[in-house]
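Trainee: Here it is: the structure, laid out below.
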Amino acid sequence: MSSTPYLRSGCAATRSPLAESSPAPGLGIRAETTPQVASSALCAPGRISGAPAGWRAAVRRLMGAAGRVDDRAAARLVTNALETRGALATWELLCAPALAAVGGPALTTAPALALVTGVRTAFDCRLTHLARPGHRPSVMLAAAPAAPAAPAAPAARATGDTRAAPATPSAPSAGSSCSSGSLGSSAGSSGLGGSAGSSGLGGFAVVPGDLPLAALAVVLLENGVESWRLGADMPWGALSAAVGRVVPHRLVVWSSVSSPGGVAGRAELEAAHPAVPVVPAGPGWPEALSVAAAAAVCLAPAR
């Protein structure tokens, strides 16, 4: 378990070194076409506009870097966007569309893995650059354990039965909300109702949970809120112990795939720590809060 300030040891430069060799203008995003994402705007994530031409071109460049399996070029592109346009716009209008387009239903290809590495590197170094030593985190970020793999379909019997076994349901198509024709759709209609299905990685259920949580951590830090990051596939028992140890003001649990075990684990966690509000983010929960909506909840005044 580590808080955001701890990450300084992983990227000691006062400014992200990834940005030195690739100046911000190279991203090709004009300021007048970039959504302005301020703290007040997070209370209405649906007001983030759709992807203008500059962002669509940036997505193509990021996908090109992934196609070359160049994680460092991908990291530079994402870093430039983070430093000039902010974390929320970068995630929703650049990273999420590229991940959906390159990754498909599974992040198992070399381009997809290079893209994930580049995005993760950029957000982690941005966290290091913005970290404020001495400030206690108030929000805990963790990803729920991955759902167990579905059992393999039974093989055809040796008695001559050649009928195909029932197909196992596949993950939702990544293009359901982040297709090339609609990059970076809005996060919701109003208030805190933005869902993962209407913004960011809607339908892209297999992205590692620590990736959107890294984006969320940077969004929070840009707004003056430090966070603990516990990573992906956090066992429910270990997560409950961590919550009891530090008692965060809010706990964000990202779930990529719905499962009965996840519902039960969340219920036990909420029962064990009734004073800690749980923010259910990701397409695995019925609420399916997006990164923008989760940030809005975490930045809202405590009741």
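Nothing in this text is a laboratory measurement; each read-out follows from the coordinates by a stated rule. Remember, predicted model here, so these are calculated numbers, not experimental data. In this analysis, Cβ positions are derived from the backbone assuming ideal geometry, glycine residues included, and neighbour counts consider all displayed protein chains.
Trainee: Taking the Cβ of P208 as the centre, find all other residues whose Cβ is under 10 Å away and add up their charges (Lys, Arg: +1; Asp, Glu: -1).
Mentor: With Lys, Arg at +1 and Asp, Glu at -1, the net is -1.
Trainee: Moving to a separate point now. For E268 and L113, compute 0.36 nm times the residue count separating them, minus their Cα-Cα distance, and round to one decimal in nm.
Mentor: 52.4 nm
Trainee: In a shell of Cβ-Cβ distance under 11 Å around A122, excluding A122 itself, what net charge do Lys and Arg (+1) and Asp and Glu (-1) give?
Mentor: Residues close to A122 contribute a combined charge of +1.
Trainee: Let me know the charge dipole size of the range 215-303 about its Cα centre in debye, to the nearest 20, where only the beta-carbon of Lys, Arg (+1) and Asp, Glu (-1) is charged.
Mentor: 120
Trainee: Taking the Cβ of P137 as the centre, find all other residues whose Cβ is under 11 Å away and add up their charges (Lys, Arg: +1; Asp, Glu: -1).
Mentor: Computed value for this residue: +3.
Trainee: Could you work out how much longer the chain between H135 and R60 gets when fully extended? Use 0.36 nm per residue separation minus the Cα distance between them, nm to one decimal.
Mentor: So the extension gain works out to 23.2 nm.
Trainee: Follow-up question, since we're still on this one. Report the extension gain between S259 and A300 in nm, rounded to one decimal, defined as 0.36 nm multiplied by the number of residues separating them, less their alpha carbon distance.
Mentor: Taking S259 through A300 to full extension adds about 11.9 nm, to one decimal.
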